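Below: the structure, in structure tokens.
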Amino acid sequence: MREIRTTCAYCGVGCGIKAEVTGREVAIKGDETHPANLGKLCSKGTHLGETVGLEGRLLYPEAGGKRVTWDKAIDRVAKRFADTIARYGPDSVAFYVSGQLLTEDYYVANKLMKGFIGTGNIDTNSRLCMSSAVAGHIRGFGEDVVPATYADFDEADLIVLVGSNTAWCHPIVYQRIMAARASRGTKLVVVDPRRTETCEEADLHLPLRPGSDVALMNGLLAYCRDKGLLDEGYLEDCVTTPDGFWEKLGEGSDLWSTAAACDLPPADLLAFYELFAANPRTITLFSQGINQSVRGTDQVNAILNVHLATGRIGKPGAAPFSITGQPNAMGGREVGGLASTLAAHMDFAPENVETVRRFWAAPRMASKPGLKAVDLFRQVREGRVKALWIMATNPAVSLPDAGLVREALAACPFVVVSDCIADTDTGRFAHVKLPAAGWGEKDGTVTNSERLISRQRALFPLAGEARPDWWIITQVAQAMGWTEAFAYDRPADIYREHARLSTYQNGGKRLFDIGHHAVISNPAYDAMTPFRWGGEGDKAPFANGRFSTPDGKARLVAVEQMAIEAPLAKFPMTLNTGRYRDQWHTMTRTGLSPKLSQHRREPLVEIHPADAVALEIQADDLVQVSTPAGDSVFRALLSEGQRRGEVFTPIHWTDRQSTGGRTGRLPRPLVDPVSGQPGFKSTPARLEKLAPEWRGFVIARDIPDEIPAAYATKVRVAAGWLVEVAGDGDPAVLAKAVLPKGERIETIDQARGGMRVAVLEDGQLIAALFVTRSGRTPSREWLIEQLSAAGMASSIELLAGRPATPQADRGPIVCVCFDVGMKTIVEAIATQQLVSVDAVGKALSAGTNCGSCRPAIQRLIGETKEAAHA
Ligand SMILES: Nc1nc2c(c(=O)[nH]1)N[C@H]1C(S)=C(S)[C@@H](COP(=O)(O)OP(=O)(O)OC[C@H]3O[C@@H](n4cnc5c(=O)[nH]c(N)nc54)[C@H](O)[C@@H]3O)O[C@H]1N2
Ligand SMILES: Nc1nc2c(c(=O)[nH]1)N[C@H]1C(S)=C(S)[C@@H](COP(=O)(O)OP(=O)(O)OC[C@H]3O[C@@H](n4cnc5c(=O)[nH]c(N)nc54)[C@H](O)[C@@H]3O)O[C@H]1N2
Ligand code: SF4
Ligand SMILES: [Mo]
């Protein structure tokens, strides 16, 4: 057993992990010495060990669907890119990369495209994620700098979460906020149209009208001015205020107009403003509810304006805080991996282009920004971009209007995909597939949300013929003739060059400067402990009131609330999209974990009960969601947490897991005019109840790729798969397609038009299918257990779907670490009069390991109390 310190594969919190490695197995623990998490891990980090096997991995290069050697694959990619460039010029090729690459991978991809191929056409999925924050920071501060750290949560008196489901998407940050609240009574306000689990502990939840955040923040700023809360000295010395800024702000920013614009009770709005007035130590944390909007950059600046004007920046516990999504979104920004930035926090100003050209000794420097993601794929579809290399992202699923993206990929003459997974929606369009090293095999650095650079270290040898992304990119660069410029032997070589560029002719112009690592030795790189760039010493960036603009002053940016799109006659509702607690994006990795698949077993559309009544939709009905871009089918979940007229769907399910639940098909390709970030959170939509003739489920050790059912969504369970299905016609067609050979027992329920089949091998259940036309289907849990249970159930039990002596029904699993179900928790709360999450933890252990389910337990305590009073 070896113990290796590394960082989590998933979110931008960037938790440190202590991995105990034995062969290809790993026990995952939180690293108590890592400043980001101090030993804690959420459900996804805790269960990383379930995702490091070789199942589904791409293990060797493929060209034209056939296995080839690395030499052949690299030669093919290099030749095709070189030919395309020779015939059509550098702008005819592009890279589309990812915040899930390591900084070293990212650096060489950016260098190859912008310095050697000679075009700005390298964009990243961070365009879909952070680009409005980047653009807002540059407008306000002159540089893309996040002026906060997690330690600020410990010192703030008020934390405002805007457009962030922190409890699910940044759980360890959420736990830190909860700890601060418990110890010093920090106030918490959540601004989100939906009532998410993040609202469970909040002092105030503002369910504002989607897209009205500028009005909310401008109203707050006007309130601060009227109450004399502006920091006049700071404004004078450190901030440039455009002419007419205050006059413009005054129009329509009074409390009543703001309340109307945001569709909020004026009393709630005032309560928020008063909390803000009373607590100068304020952190405003924001995320996709702000960024993913066609007015995202303005929304970011509306937040920055408030902090700048009240001097709540550069001080302990006071800052605007754009939290990042992907593990290395920040590292990508540092190397300049966006098409709109150049390198090392430099833009395309002619003197920067010259600086970087000289540093790289670049033969062919890009002199202007390249295509941003949505435009890039448009140009691919129109045939202007003819060779595309996609690394560590799944755009066939995750870009808006995924249907159009698929057309683009299908039409593109040459598509290369580097991924660690063999069969992804995007990989299906690849002419060449390159096997990338997976999380447990990679070696390099990542930067988290708070500018902390940490090492990610390899735990295992490379799987099959998989290779690190930096190696693949530099091999192609060398094959294209740039041997010396890409002659790196190890990630440390690349890191040193990146550090040198950050300091090269910088002279204090940019805060991103890690020049002290320009000559870091290989052993020191290997042993590197987390460190932060930005402020001087322990100080926050901008603590001295100097910003990265030519005159050193920050800038207020006049932003106006844009009119919000009125509902369309054909699409009267509004679709909002986002994440589930235990799945990561397109499920290529979390989807392998049976534990993580317990939290949500299907993609659900969340609807307000009153809307559901009007549409004659009941809980668990199948519902078709249609938008101007496309449609997909989801299971209905009625939720009081939705605003009326608005629905929510999760982004995770892909064609690999389902026929329904395909959120990616629904958003339109509309983007913010400054940042180019798509407005994923707001799409006109229509809902229709579907009435398939039958519905039910299949569980099986193995499931074929194609499932002949109108609706089918699959998730991993212990020892196999669970597929929820619905369809028309004879279900025997489905049974024939999905059930394996073996000893078969079955019943047909003529009255209800049902069918129940169990398939056994040596007396052990290997598959089962339950469908019904009008009746109920049994709970899935016991049957799932029978796939791996040693004790053999009787035929009668198997066809009933439950044991002869009934077990207590635990309900859906809430605590995945200790397998504690909802019904068990509710019963304990009621019978033992448990009033706190800790009390539930003492009684049942639930919530005492990773803590991700604590907000859910809190909600159950509230609901049980309410039910008792009703
Ligand atoms: N479990 C899990 N965690 C993740 C990820 C994951 O896939 N799964 N992905 C990571 C990544 S890359 C990212 S970018 C982050 C995203 O983290 P978050 O931004 O927290 O997650 P989302 O669910 O996309 O959206 C956040 C919230 O914005 C709200 N919202 C929608 N419209 C508006 C609006 O107009 N105004 C306001 N104020 N709010 C609005 C939504 O209702 C939603 O609850 O999560 C990271 N962490
Ligand atoms: N409707 C809607 N759409 C959205 C969003 C939304 O909120 N709503 N959110 C957007 C956001 S914020 C994001 S970040 C994107 C995420 O969307 P994607 O980036 O498309 O999602 P992932 O599933 O993370 O894709 C990563 C891919 O890289 C592979 N991979 C993992 N590690 C490595 C590696 O080290 N090397 C290589 N070469 N491959 C690797 C994985 O197997 C996977 O196929 O989705 C965006 N799309
Ligand atoms: S909060 Fe969870 S997913 Fe994010 S880095 Fe930490 S353990 Fe990983
Ligand atoms: Mo993201």
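Within the range 351-371, the only residue that satisfies the criterion of being over 25 Å from residue 135 (Cβ atoms) and without any contact (Cβ under 8 Å) to a residue 40 or more places away in the chain is 358. Evaluation of residue 6 against the conditions (1) in a strand (DSSP E or B); (2) surrounded by fewer than 22 Cβ atoms within 10 Å (Cβ to Cβ) shows that the sole unmet condition is (2).
For the range 271-284, does any single residue satisfy the condition of being touching a Phe, Trp or Tyr at 6+ places or on another chain (Cβ under 9 Å) and within 24 Å of residue 677 (Cβ to Cβ)? Yes, that holds for at least one residue. In the range 638-652, of all residues being in a strand (DSSP E or B) and within 22 Å of the chain's Cα centre (by Cα), the one that is surrounded by the fewest Cβ atoms within 10 Å (Cβ to Cβ) corresponds to 650.
Scanning the range 85-119 for residues being assigned to a loop (DSSP other than H, G, I, E, B), closer than 20 Å to residue 497 by Cβ and either open to solvent by 10 Å² or more (accessible area, probe 1.4 Å) or away from ligand 2 (no atom under 16 Å from the Cβ) (or both) gives a total of 1. Of the residues that make up the range 281-300, is at least one more than 16 Å from ligand 2 (Cβ to nearest atom), farther than 20 Å from residue 137 by Cβ and not hydroxyl-bearing (Ser, Thr, Tyr)? For the range 281-300, residues more than 16 Å from ligand 2 (Cβ to nearest atom), farther than 20 Å from residue 137 by Cβ and not hydroxyl-bearing (Ser, Thr, Tyr): present. Within the option set 163, 228, being within 16 Å of ligand 2 (Cβ to nearest atom) and modelled with pLDDT of 95 or more holds for one residue only, 163.
For the range 146-184, the set of residues classified as away from ligand 4 (no atom under 16 Å from the Cβ), in contact with a Gly (Cβ under 6 Å, 6 or more places away or on another chain) and open to solvent by 10 Å² or more (accessible area, probe 1.4 Å) consists of 152, 155, 175, listed by residue number. The number of residues in the range 680-706 that are open to solvent by 10 Å² or more (accessible area, probe 1.4 Å) and more than 21 Å from residue 636 (Cβ to Cβ) comes to 7. Taking the criterion of being closer than 24 Å to residue 592 by Cβ and open to solvent by less than 50 Å² (accessible area, probe 1.4 Å), the residues of the range 657-672 that qualify are 657, 658, 660, 661, 662, 663, 664.
Every condition in (1) in contact with a Leu (Cβ under 6 Å, 6 or more places away or on another chain); (2) within 16 Å of ligand 1 (Cβ to nearest atom); (3) open to solvent by 30 Å² or more (accessible area, probe 1.4 Å) holds for residue 624 except the one numbered (2). No other residue among 252, 228 is at positive phi, surrounded by 15 or more Cβ atoms within 10 Å (Cβ to Cβ) and not in a helix (DSSP H, G or I) apart from 252. If only residues of the range 758-792 that are within 23 Å of residue 597 (Cβ to Cβ) and more than 37 Å from the chain's Cα centre (by Cα) are counted, the one that is most open to solvent (accessible area, probe 1.4 Å) is 790.
Residues in the range 618-635 that are touching a residue at least 40 places away in the same chain (Cβ under 8 Å) and not in a loop (DSSP other than H, G, I, E, B): 622, 623, 624, 625, 626, 633, 635.
For residue 383, state whether it is on the phi > 0 side of the Ramachandran plot, crowded, with 24+ Cβ neighbours inside 10 Å and away from ligand 2 (no atom under 11 Å from the Cβ). Considered against the rule, which asks whether it is on the phi > 0 side of the Ramachandran plot, crowded, with 24+ Cβ neighbours inside 10 Å and away from ligand 2 (no atom under 11 Å from the Cβ), residue 383 comes out as no. Remark: pairs (first residue in the range 212-236, more than 16 Å from residue 282 (Cα to Cα); second residue outside any helix (DSSP H, G or I) and among the acidic types (Asp, Glu); Cβ separation under 8 Å; 6+ apart in sequence or on different chains) = 212/263; 214/560; 218/560; 219/254; 222/254. Scanning the range 64-78 for residues that are without any contact (Cβ under 8 Å) to a residue 24 or more places away in the chain and either open to solvent by 80 Å² or more (accessible area, probe 1.4 Å) or not small (Gly, Ala, Ser) (or both) returns 66, 67, 68, 69, 71, 72. The residues on offer are 643, 668, and the sole one that is farther than 28 Å from residue 721 by Cα and within 13 Å of ligand 2 (Cβ to nearest atom) is 668.
Could you grab me the full set of residues in the range 566-591 that are away from ligand 4 (no atom under 16 Å from the Cβ), out of contact with any Gly (no Cβ under 6 Å at 6 or more places or on another chain) and open to solvent by less than 30 Å² (accessible area, probe 1.4 Å)? Correct list: 571, 575, 582, 591.
Of all the listed residues (10, 60), the sole one being in contact with a Pro (Cβ under 8 Å, 6 or more places away or on another chain), in contact (Cβ under 8 Å) with a residue 40 or more places away in the chain, farther than 19 Å from residue 529 by Cβ and within 13 Å of ligand 3 (Cβ to nearest atom) is 10. Can you tell me how many residues in the range 600-620 are closer than 20 Å to residue 659 by Cα, surrounded by 15 or more Cβ atoms within 10 Å (Cβ to Cβ) and of a type outside the set (A, V, I, L, M)? Here the count works out to 5. Do you know which residues across the range 592-617 are out of contact with any Gly (no Cβ under 8 Å at 6 or more places or on another chain) and touching a residue at least 60 places away in the same chain (Cβ under 8 Å)? If the condition is that a residue be out of contact with any Gly (no Cβ under 8 Å at 6 or more places or on another chain) and touching a residue at least 60 places away in the same chain (Cβ under 8 Å), then 593, 594, 595, 596, 598, 599, 601, 605, 607, 615, 616, 617 are the ones that fit.
Only one residue in 336, 383 is touching a Leu at 6+ places or on another chain (Cβ under 6 Å) and modelled with pLDDT of 95 or more, so which one is that? Being touching a Leu at 6+ places or on another chain (Cβ under 6 Å) and modelled with pLDDT of 95 or more holds for just one of 336, 383, which is 336. With respect to (1) more than 24 Å from residue 598 (Cα to Cα); (2) in contact (Cβ under 8 Å) with a residue 40 or more places away in the chain, the lone exception for residue 738 is condition (1). For the range 11-64, a residue qualifies if it is on the phi > 0 side of the Ramachandran plot, within 23 Å of the chain's Cα centre (by Cα) and either within 16 Å of ligand 4 (Cβ to nearest atom) or of a type in the set (Gly, Ala, Ser) (or both), and the qualifying residues are 14, 39, 56. Does residue 477 qualify as being more than 30 Å from residue 22 (Cβ to Cβ), over 30 Å from the mean Cα position of the chain (by Cα) and crowded, with 21+ Cβ neighbours inside 10 Å? Yes; evaluated as a whole, the condition is true for this residue. Among the residues of the range 837-870, those that are outside any helix (DSSP H, G or I), in contact with a helix residue (DSSP H, G or I) (Cβ under 7 Å, 6 or more places away or on another chain) and among the small types (Gly, Ala, Ser) comprise 846, 847, 851, 852.
All conditions in (1) open to solvent by 70 Å² or more (accessible area, probe 1.4 Å); (2) touching a residue at least 12 places away in the same chain (Cβ under 8 Å); (3) of a type outside the set (Asp, Glu) hold for residue 563, with the sole exception of (2). Scanning the range 131-167 for residues that are aromatic (Phe, Trp, Tyr) and in a helix (DSSP H, G or I) yields 141, 153.
The values are calculated or read from the model by the stated rules, or taken from the named source; none is laboratory data. Quick caveat, the model's predicted, so the values are computed rather than measured. As a convention, Cβ positions derive from the backbone with ideal geometry for all residues, glycine included, and neighbour counts pool all protein chains shown. Side chains are part of the model used for accessible areas, which takes the heavy atoms of the whole protein and leaves out ligands, DNA and RNA. Shrake-Rupley method; radii C 1.70, N 1.55, O 1.52, S 1.80 Å.
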